[in-house]
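The values are calculated or read from the model by the stated rules, or taken from the named source; none is laboratory data. The model shown is predicted, which means the values in this text are computed figures rather than measured ones. Positions of Cβ are generated from backbone atoms using ideal geometry, with glycine treated the same way; all protein chains shown enter the neighbour counts. These area figures cover heavy atoms from the full protein model, side chains too; ligands, DNA and RNA do not enter into them. Shrake-Rupley method; radii C 1.70, N 1.55, O 1.52, S 1.80 Å.
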Amino acid sequence: MRFSKFAERFASHSGTRQLMDDLGQLQHSDLEILNLGGGNPSRIPEVHDWFSNKLRELATARELDNTFAAYDSPQGNQPFIRAFARFLSAHCGWPISASNVLCTAGSQASFFLLFNAFSGAYATGEKRRILLPQMPEYIGYTDLCLEADAIFSVPSKIALTGDHRFRYSLDTVALEQLDGTVGAICISRPTNPTGNAISNADLEWLLRLAEARDIPLILDNAYGNPLPGILFPTELSPPRWSKHLVACFSLSKLGLPGLRTGMVVADEALIDVLISANATLALANNSLGARLVLDLLVDDQLAVFAKQIIRPFYATKSRQAIAYCDAAFVGLDYRIHESDGAIFLWVWFAGLPITAQALYQRLKQRGVLVIPGHHFGPGHSGASKHLEECIRISYAQPEATLQRGIAAIADEVRAAYIRGQQ
Ligand SMILES: Cc1ncc(COP(=O)(O)O)c(C=O)c1O
């Protein structure tokens, strides 16, 4: 049996697949696992209980009947879409309505549609690519474009901000010099894996760059404001509304990753195209997530959850995780990226004598999972010494897991200096 080019792309396993397979294998072994590798959000008791109770209440009142026994429209659940547009108008000041919103099967699915809507062959005969204006960037962007080499990234600049801290920033000089083959710009804010969130000024700069080129700026808001609210510096605000802005949201990091619901907010003409694509791909989405969150939108309880529960919960966890690292890594040459949000710490061991992949393997043998840095270079060809010195640690785990996992990382990094590359 021969495969098409489409299938061949998936026949050679992606980094994401390898990591998921590793995790699956470990779960079936006898080893106790300290999983600092995955992207699962924490189970925040108040939020988790609210969802469980609401589910029970809706099921008892038979209000879920239409949710599971009927297809929604390919745009998504209409009451949810209307309420979400009102919620964003209120919290971001955007002059939008229901026709600016589409629901998808999670934001990973949104990016699949968007990246292929703006990369590859155009009717004019030109070929365009997706630009990631920062790198390191989200691993999930890596294999989304159906055409080869249709995504590229510009490595971020590094600034040392304190004894054991650093920060990335946009290389605006390199970004200004790009040619006309860019079909869309995409950035996550805050960023998975680094926890970086670009400033208001840099975001406005990117939006103007997109407008000047008449291409979209895709803003991945999987962790940001107004939902789920895992963004710590209070001065960071949403961008202004623009025909060129495509804002992507998700219910996953609110605590509902299993319900696979994403929202794309964009100019009506683009939403119209995406509705048709979504109808072809899925007919309609799972509407359970939308139905559950609808009641949080109606009385603005979602904003209260984001600001008063979710944000402080993760801000505390981030500070704790940094404190564990600072205590465990004493004497090592390490730097942690400033933690603006998302659920990860990004740690750079400058001069590490082994690759982050080798460190990952050694940790895995002890049942400790982290993600090695080289996976976070989507659109970057060739090796990057910097990425090979970095690892991503999820701090969404319970405190004891985090503390023991970080201690194990410190052990293995120290051992690497003693043993060298063997
Ligand atoms: C930056 C970023 N974007 C998008 C996603 C995909 O989220 P989902 O498909 O669950 O909505 C994730 C998941 O971890 C993420 O970290």
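Given the criterion farther than 20 Å from THR261 by Cβ and either among the aromatic types (Phe, Trp, Tyr) or not assigned by TED's automatic domain parsing to the domain that holds ARG366 (or both), identify the matching residue among ARG17, ARG62. Please lay out each step first, then the result.
On the way: ARG17 fails: either among the aromatic types (Phe, Trp, Tyr) or not assigned by TED's automatic domain parsing to the domain that holds ARG366 (or both).
Exactly one residue qualifies, and that residue is ARG62.
Inside segment 134-189, can you point out the residues that are hydroxyl-bearing (Ser, Thr, Tyr) and closer than 24 Å to GLY39 by Cα?
Step one: list which residues in segment 134-189 are hydroxyl-bearing (Ser, Thr, Tyr), which gives 138, 141-142, 153, 156, 161, 168-169, 172, 181, 188.
Of everything in segment 134-189, those that are hydroxyl-bearing (Ser, Thr, Tyr) and closer than 24 Å to GLY39 by Cα turn out to be TYR138, TYR141, THR142, SER153, SER156, TYR168, SER169, SER188.
If GLN108 satisfies every condition in (1) buried (at least 20 other Cβ atoms within 10 Å of the Cβ); (2) assigned by TED's automatic domain parsing to the domain that holds LEU251; (3) closer than 18 Å to SER252 by Cβ; (4) touching a Lys or Arg at 6+ places or on another chain (Cβ under 9 Å) but one, which is the exception?
Failing condition for GLN108: (1).
Going through segment 3-18 one residue at a time, which ones are surrounded by 12 or more Cβ atoms within 10 Å (Cβ to Cβ), in a helix (DSSP H, G or I) and among the small types (Gly, Ala, Ser)?
Once the filter is applied, which keeps residues that are surrounded by 12 or more Cβ atoms within 10 Å (Cβ to Cβ), in a helix (DSSP H, G or I) and among the small types (Gly, Ala, Ser), segment 3-18 yields only GLY15.
Only one of LEU227, LEU256, LEU274, LEU270 is in contact (Cβ under 8 Å) with a residue 60 or more places away in the chain, within 16 Å of the ligand (Cβ to nearest atom) and open to solvent by 10 Å² or more (accessible area, probe 1.4 Å). Can you tell me which?
Numbers: LEU227 fails: open to solvent by 10 Å² or more (accessible area, probe 1.4 Å); LEU274 fails: open to solvent by 10 Å² or more (accessible area, probe 1.4 Å); LEU270 fails: within 16 Å of the ligand (Cβ to nearest atom).
Testing whether each residue is in contact (Cβ under 8 Å) with a residue 60 or more places away in the chain, within 16 Å of the ligand (Cβ to nearest atom) and open to solvent by 10 Å² or more (accessible area, probe 1.4 Å) leaves just LEU256.
Which one of these is assigned by TED's automatic domain parsing to the domain that holds PRO79 and hydrophobic (A, V, I, L, M, F, W, C): VAL293, VAL347, VAL330, VAL370? Give the derivation first.
Numbers: VAL347 fails: assigned by TED's automatic domain parsing to the domain that holds PRO79; VAL330 fails: assigned by TED's automatic domain parsing to the domain that holds PRO79; VAL370 fails: assigned by TED's automatic domain parsing to the domain that holds PRO79.
Among VAL293, VAL347, VAL330, VAL370, only VAL293 is assigned by TED's automatic domain parsing to the domain that holds PRO79 and hydrophobic (A, V, I, L, M, F, W, C).
Can LEU288 be described as touching a residue at least 24 places away in the same chain (Cβ under 8 Å) and within 12 Å of the ligand (Cβ to nearest atom)? Outline the logic, then answer.
On the way: touching a residue at least 24 places away in the same chain (Cβ under 8 Å): yes; within 12 Å of the ligand (Cβ to nearest atom): no.
When the stated conditions are applied, LEU288 does not pass them.
Here is a yes/no grid of residues against (1) touching a strand residue (DSSP E or B) at 6+ places or on another chain (Cβ under 9 Å); (2) part of a helix (DSSP H, G or I); (3) within 30 Å of VAL154 (Cβ to Cβ); (4) within 16 Å of the ligand (Cβ to nearest atom):
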site: ALA303; (1), (2), (3), (4): no, yes, no, no
site: ILE309; (1), (2), (3), (4): no, yes, no, no
site: ILE322; (1), (2), (3), (4): yes, yes, yes, no
site: CYS325; (1), (2), (3), (4): yes, yes, yes, no
site: GLY331; (1), (2), (3), (4): no, no, no, no
site: ALA358; (1), (2), (3), (4): yes, yes, yes, no
site: THR401; (1), (2), (3), (4): yes, yes, no, no
site: ARG404; (1), (2), (3), (4): yes, yes, no, no
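Which pairs turn up if I take residues in segment 188-215 that are closer than 22 Å to GLN108 by Cα and look for partners that are at pLDDT 95 or above and of a type in the set (Lys, Arg) with beta carbon separation below 6 Å, at least 6 apart in sequence or on another chain?
Close Cβ pairs (under 6 Å, with a partner that is at pLDDT 95 or above and of a type in the set (Lys, Arg)) amount to PRO193/ARG392; ALA197/ARG189; ILE198/ARG189.
Would you call TYR314 open to solvent by less than 30 Å² (accessible area, probe 1.4 Å), touching a strand residue (DSSP E or B) at 6+ places or on another chain (Cβ under 7 Å), part of a helix (DSSP H, G or I) and of a type in the set (Phe, Trp, Tyr)? Talk me through it step by step, then tell me what you get.
Details: open to solvent by less than 30 Å² (accessible area, probe 1.4 Å): yes; touching a strand residue (DSSP E or B) at 6+ places or on another chain (Cβ under 7 Å): no; part of a helix (DSSP H, G or I): yes; of a type in the set (Phe, Trp, Tyr): yes.
No; evaluated as a whole, the condition is false for this residue.
Look at ARG392 and say whether it is open to solvent by 10 Å² or more (accessible area, probe 1.4 Å) and assigned to a strand (DSSP E or B).
Numbers: open to solvent by 10 Å² or more (accessible area, probe 1.4 Å): yes; assigned to a strand (DSSP E or B): yes.
Yes.
How many residues are in contact with a strand residue (DSSP E or B) (Cβ under 7 Å, 6 or more places away or on another chain) and either over 14 Å from ASN286 (Cα atoms) or near the ligand (Cβ under 7 Å from one of its atoms) (or both) if we restrict to segment 98-109?
Qualifying residue count, segment 98-109: 5.
Considering only strands (runs of 3 or more DSSP E) fully contained in segment 101-188, which possess at least 3 residues that are of a type outside the set (Gly, Ala, Ser)? Spell out the reasoning first.
On the way: elements: 101-104, 127-132, 151-153, 157-162, 165-169, 182-188.
Passing ranges, in order: 101-104, 127-132, 157-162, 165-169, 182-188.
So that you can scan it fast, the table gives a plain yes or no per residue for (1) open to solvent by 30 Å² or more (accessible area, probe 1.4 Å); (2) out of contact with any strand residue (DSSP E or B) (no Cβ under 7 Å at 6 or more places or on another chain); (3) closer than 30 Å to GLY377 by Cβ; (4) not hydroxyl-bearing (Ser, Thr, Tyr):
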residue	(1), (2), (3), (4)
MET20	yes, yes, yes, yes
LEU36	no, no, yes, yes
TRP50	yes, yes, no, yes
LEU55	yes, yes, no, yes
GLU63	yes, yes, no, yes
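I want to confirm something. Restricting to segment 137-172 and keeping residues that are within 21 Å of SER339 (Cα to Cα) and of a type in the set (D, E, K, R), which single residue is farthest from the ligand (Cβ to nearest atom)? Before you say what the answer is, go through the steps one by one.
Keep residues of segment 137-172 that are within 21 Å of SER339 (Cα to Cα), which gives 137-140, 155-171.
Next, only the ones that are of a type in the set (D, E, K, R) stay: 137, 157, 163, 165, 167, 171.
On the way: GLU137: 8, LYS157: 21, ASP163: 28, ARG165: 22, ARG167: 18, ASP171: 20 Å.
Once the filter is applied, the top-ranked residue is ASP163.
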